[in-house]
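Data block below; observations after.
The values are calculated or read from the model by the stated rules, or taken from the named source; none is laboratory data. Note that the structure is a prediction, hence the values are computed from the model and not measured. Every residue, glycine as well, gets a Cβ built from its backbone with ideal geometry; the counts of neighbours run over all protein chains shown.
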Amino acid sequence: MKDFLSEMRGAIVSTIVLAVVCCGLYPLIVFGLGQALFRDKANGSLIVAQDGTIKGSRLLGQGFTDPKDFHPRPSAAGNGYDAAGSSGSNLGPTSQKLADAVKDRVGTYRAENGLSSDDPVPADAVTASGSGLDPHISLRNAELQIARVAKVRGIPSDRVSALVKQHTEGPDLGILGDSGVNVVRLNLALDELH
């Protein structure tokens, strides 16, 4: 019985020590380092307007649909850009539902941006990202939307084009992926012009 109580006491003390270290000290240290060294990233990479209001995150897309705005990728996340429902559609290449959705999106994209029926449409304009929350579109997708946005906003196309270039982010680490345009930041920059 003495050995059993000794073992139990050791197990209980070990559990308490590990709980304090793993559930208390370690999270506090990681939180403190995150706030000290990577404050912006640790707090969600928020986009804060000049008046101090939070407009979104550089890491999460928003469902812009107004003709005056650049439109993001379609989203399969919940009710469109719902972070709680982050996911892809899980529809495969043989899915008729996916084929119909892409066909409808291609037609809508061409009509919105004044393209002819045989002009190619960028894939990211008609297909959702894996998370459904991607804030970036391809540079080609943004370039095809410049004329519409400039016309609706009454801004010269070259000014809108300059903003697109300003908000184009290069590949990760300079080699991973393609350049992309952050739609959230770009639309907020356009709003600040007025």
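Assorted remarks:
- Within the option set Pro27, Pro72, being closer than 30 Å to Ser129 by Cβ and modelled with pLDDT of 80 or more holds for one residue only, Pro72.
- Unmet requirement for Leu59, which otherwise passes all of (1) at negative phi; (2) loosely packed, with under 10 Cβ neighbours inside 10 Å; (3) assigned by TED's automatic domain parsing to the domain that holds His136: (2)
- Among the residues of the range 174-193, some residue qualifies, meaning at least one is in contact with a Gly (Cβ under 6 Å, 6 or more places away or on another chain) and on the phi < 0 side of the Ramachandran plot.
- Residue check for Asn90: surrounded by 14 or more Cβ atoms within 10 Å (Cβ to Cβ), assigned by TED's automatic domain parsing to the domain that holds Ala49 and not charged (D, E, K, R): no
- Pairing each residue of the range 42-62 that is among the charged types (D, E, K, R) with any residue that is modelled with pLDDT of 80 or more and not in a strand (DSSP E or B), provided the two are 6+ apart or on different chains, yields C-beta distances under 6 Å for Lys55/Leu188.
- Any hit, the range 62-73, residues being of a type in the set (Ser, Thr, Tyr) and out of contact with any Gly (no Cβ under 6 Å at 6 or more places or on another chain): yes
- Among the residues listed as Val106, Val102, the single one being outside any strand (DSSP E or B), of a type in the set (Val, Ile, Thr) and within 29 Å of Asp191 (Cα to Cα): Val106
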